[in-house]
Amino acid sequence: MPRGKSEIPTLRLETLQKFVTKFQSPPNLILQNLFSSTPSPSATIKWESQMGSRGMTPFVPPGAPAPQTSPLGVAEHIAEAAFWKEKMYFDEEFLNNIRKEGTENQYMAAAARLAREMANLVNRCNRRREWMFAKMLFSGSFQYKEAKGTMANVNYSLPTGHQVSLATDYKWNAGTSRNVLGDIIDGKKVVNDSCGARVNMAVCNSTVLKYLAQDPDLLTLLSKSNFGAGDLFKGATNNIVGVNPKVIGALLDIDNMVIYDEQYEVRALLTGAVTGGATSVIPVDSPVDFEAGGTLRFWDVSAGTYEDETIASIQRENMTVTVSTAPSVSFKAGEDYVTMTKKFVPDDKFSMVATTVDGQPIAEYKTAPYGLARLFGLSTDRKEKWDPEGIFIRVRDKGLPVLYFRDAIYNLTVA
């Protein structure tokens, strides 16, 4: 008698949960690991954020009542927790291979495949949480779907004075009057003046790190005669640029200089035909995560080829993505698809953060309850299919990053 699916040890739910635990915190996703996670009693998340600090208790005469004070710059926020999930199907052929008796090698191969696919699902789920933290820190807002498909927008109200875009002459990549050191010192001062906290972390990707490494003023300060043993390129941890960010961080008095190049991919199925040389408004099944300025890659599934065009705008209400130039060849609806790959940290951002203010973390992640079992955080479950035999694996999560100190972040657009 062949064994049923429930009797296959590798497919048991407790085994799948072990896979989830193993891949719960991928080391290459760092933003979500900067802050703690706490449960919210409901899916409606309320929090207060403030600007300013450094308060001091006043003198009063003995026996007098204590003066009343209140937090500075308090703003109230309310948003529904974002919910995301995904499933994967294992067909009868896979199940037959995993339970074929007397073939240990095939069994192990199938188990390894299951582990790989589970890792893929869990990592995709974690990337969504990472995406939310990136949007909170670098953009100050993001959109997501609520009940019945309506779009919600959460805005963290980052102060405009902390979102600085350098003028053309001052751009770090080619500005004739660029002043990298001055810009960073100004940003650190703005944060310190606003909330009384010291910037202890800076985040950028390798593109911006290259601007730093090629800046003449920084190179002069980091030369052997002026700074240490001239070790800008010693002990490099970044393979793309070959620069040791710790040396730059030490010069700038920033404890944690984070160079972050992790990327994510957005994919959507074409819901209408695309005619080569003519169609620039592209109908897709979900345009939510695409962004203007990104590269839209058209994939021809049958031919195994692709074409890249620049995204001009997004029309979420019409479920379309508009490209600057129509692709040169045609693509089929319901078969071909489009993708966009982007970095969590944009190529033009240098962000400075004070991770604590008055000893308190500036942000955290609020998990929210979901499902009949009132689950919190990432979880998996399964559903068996009887004929043809198969099994669905599902990954779910629900929550929202919250920001308590809005003026502890300073974002520079440098290119």
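The values are calculated or read from the model by the stated rules, or taken from the named source; none is laboratory data. Just so it is clear, the model here is predicted, and its values are computed rather than measured. Note: ideal-geometry Cβ built from the backbone for every residue, glycine included; neighbour counts use all protein chains shown.
Just a few scattered comments:
Conditions tested, residue by residue: (1) surrounded by fewer than 17 Cβ atoms within 10 Å (Cβ to Cβ); (2) of a type outside the set (A, V, I, L, M); (3) assigned by TED's automatic domain parsing to the domain that holds residue 366.
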position	(1), (2), (3)
139	yes, yes, yes
142	no, yes, yes
146	yes, yes, yes
152	yes, no, yes
161	yes, yes, no
173	yes, yes, no
180	no, no, no
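Rundown of residues vs (1) part of a strand (DSSP E or B); (2) acidic (Asp, Glu); (3) at pLDDT below 95, yes/no style:
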| residue | (1), (2), (3) |
| --- | --- |
| 335 | no, yes, no |
| 342 | yes, no, yes |
| 383 | yes, no, yes |
| 410 | yes, no, no |
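- Count of region 48-88 residues, restricted to those that are closer than 30 Å to residue 370 by Cβ and either at pLDDT 75 or above or surrounded by 16 or more Cβ atoms within 10 Å (Cβ to Cβ) (or both), is 17.
- Applying a threshold of 6 Å to beta carbon distances and a minimum spacing of six or more residues, or different chains, the list of pairs starting in region 300-325 at a residue that is of a type in the set (D, E, K, R) and ending at one that is in a loop (DSSP other than H, G, I, E, B) reads 300/336; 307/327; 309/325; 309/327; 316/287.
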